[in-house]
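Okay, so here's the structure we're looking at.
The values are calculated or read from the model by the stated rules, or taken from the named source; none is laboratory data. Since the model is a prediction, treat every value here as computed from it, not as a measurement. Ideal geometry is used to build each Cβ from the backbone, glycine not excepted, and the neighbour counts take in all protein chains shown. Side chains included, ligands, DNA and RNA excluded: accessible areas come from the protein's heavy atoms. Shrake-Rupley method; radii C 1.70, N 1.55, O 1.52, S 1.80 Å.
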Amino acid sequence: MRHALLPFLLLALASCATPREACITDQTDEMRTLEALIAQDEATLARGYALERQTEYRSGLSLCTGVGRGIGRLGIGTSTCVRPEARVRTVPVAVNLDEVDARLTTLREKRAELSRGVALGVAACREAYPAQ
């Protein structure tokens, strides 16, 4: 239930942003993604292996309530039922560190190129939407 409400809460928070903040967020979105990828590859090189998330599904027993049909009657009660349970694990994975290092070099070059464009975009946002 909590996870279903998260997109609506994020949308509500985003709608509270000023036009200037929204513009700057749009301009810096790709840079934030790039920074996250760089941090992930740097951590992989430091560890010497990558981390991968795996989801395991199992069946679990739990108590269920509801309307059921007994012998000659209809009633509300509890019973045991089988429900699927998902568990996410993080496991180490072997990777080619030379490939990760090459990708990291490429990402850093891309960041340098992108930073110039982002700086111009943020400046344009500040000019278009002056602080009040």
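Which pairs have Cβ atoms under 6 Å, sit 6 or more apart or on different chains, and link a residue in segment 64-90 that is closer than 30 Å to ARG53 by Cβ and part of a strand (DSSP E or B) to one that is modelled with pLDDT of 80 or more and open to solvent by 100 Å² or more (accessible area, probe 1.4 Å)?
PRO84/TYR57; GLU85/ARG58; ALA86/TYR57; VAL88/ARG53; THR90/ARG53
Which residue is farthest from the chain's Cα centre (by Cα), if the candidates are limited to segment 74-132 and must be of a type in the set (Asp, Glu), open to solvent by 90 Å² or more (accessible area, probe 1.4 Å) and closer than 27 Å to THR44 by Cα? Break it down into steps so the answer makes sense when it comes.
To start, the set of residues in segment 74-132 that are of a type in the set (Asp, Glu) comprises 85, 98-99, 101, 109, 113, 127.
Now drop any that are not open to solvent by 90 Å² or more (accessible area, probe 1.4 Å), which leaves 85, 98-99, 109, 113, 127.
After this cut, where a residue has to be closer than 27 Å to THR44 by Cα as well, the list is 98-99, 109, 113.
Working: ASP98: 27, GLU99: 25, GLU109: 25, GLU113: 25 Å.
So, considering only residues that are of a type in the set (Asp, Glu), open to solvent by 90 Å² or more (accessible area, probe 1.4 Å) and closer than 27 Å to THR44 by Cα, the one farthest from the chain's Cα centre (by Cα) is ASP98.
Could you please let me know if ALA112 is part of a helix (DSSP H, G or I), at pLDDT below 95 and either touching a Pro at 6+ places or on another chain (Cβ under 7 Å) or not polar (S, T, N, Q) (or both)?
In short, yes.
List, please: which pairs have Cβ atoms under 6 Å, are six or more places apart or on different chains, and start with a residue in segment 101-120 that is within 13 Å of LEU37 (Cβ to Cβ) and end with one that is open to solvent by 60 Å² or more (accessible area, probe 1.4 Å)?
From residues that are within 13 Å of LEU37 (Cβ to Cβ), the pairs are LEU107/LEU37.
Out of ALA43, ALA50, ALA36, ALA12, which single residue is open to solvent by less than 80 Å² (accessible area, probe 1.4 Å), at pLDDT below 95 and not hydroxyl-bearing (Ser, Thr, Tyr)? Steps first, please.
Values: ALA43 fails: at pLDDT below 95; ALA50 fails: at pLDDT below 95; ALA36 fails: at pLDDT below 95.
Residue meeting the stated conditions: ALA12.
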